[in-house]
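Note sheet for the following structure.
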């Protein structure tokens, strides 16, 4: 990958498209992932997260609005949208659409993501889909 900005966008595009084999090109096998659910590690864990999201929201989309990078660090402001057609994050399928803010911070080494922090406006997600986690 030529630059960290392109890496971020390619990673999100692959996930949105459901082309999870491409994630091998963008993430280290032992990538460390920090998100609202806690900390996990491993490429396979991240693929499973994308599988669950794509299974519930076939129209899942990450629209990158701003990217700032300095050396090996990338930060982005993203708008995530989709329609809940399957169970996700403790919410049953209900056909309701959502649009929420997300931020991602990445550390990149050797052309791949080594560690990533993700924050998502989950409160807004739950309000928009009219449900709260069980």
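Rule-based calculations on the coordinates, nothing more; no lab input. Please read all numbers here as calculations on a predicted model, not as lab measurements. We place every Cβ from the backbone using ideal geometry, glycine too, and count neighbours over all the protein chains shown.
Spot the failing condition for residue 49; the list is (1) closer than 27 Å to residue 130 by Cα; (2) surrounded by 13 or more Cβ atoms within 10 Å (Cβ to Cβ); (3) touching a strand residue (DSSP E or B) at 6+ places or on another chain (Cβ under 6 Å), and only one is missed.
Of the numbered conditions (1) closer than 27 Å to residue 130 by Cα; (2) surrounded by 13 or more Cβ atoms within 10 Å (Cβ to Cβ); (3) touching a strand residue (DSSP E or B) at 6+ places or on another chain (Cβ under 6 Å), the odd one out for residue 49 is (3).
Farther than 18 Å from residue 123 by Cα, exposed (fewer than 14 other Cβ atoms within 10 Å of the Cβ) and under 14 Å from the mean Cα position of the chain (by Cα): is that true of residue 76 in this structure?
It is false that residue 76 is farther than 18 Å from residue 123 by Cα, exposed (fewer than 14 other Cβ atoms within 10 Å of the Cβ) and under 14 Å from the mean Cα position of the chain (by Cα).
Which residues, counting only those in region 21-34, are part of a strand (DSSP E or B) and touching a helix residue (DSSP H, G or I) at 6+ places or on another chain (Cβ under 8 Å)?
Correct list: 27, 28, 29, 30, 31, 33.
For residue 28, work out the one condition from (1) free of Cβ contacts under 8 Å to residues at least 40 places away in the same chain; (2) under 25 Å from residue 3 (Cα atoms); (3) surrounded by 14 or more Cβ atoms within 10 Å (Cβ to Cβ); (4) more than 14 Å from the chain's Cα centre (by Cα) it doesn't fulfil.
Condition not satisfied by residue 28: (1).
Tally time: how many residues in region 10-25 are in contact with a strand residue (DSSP E or B) (Cβ under 7 Å, 6 or more places away or on another chain) and surrounded by fewer than 19 Cβ atoms within 10 Å (Cβ to Cβ)?
Residues meeting the conditions: 0.
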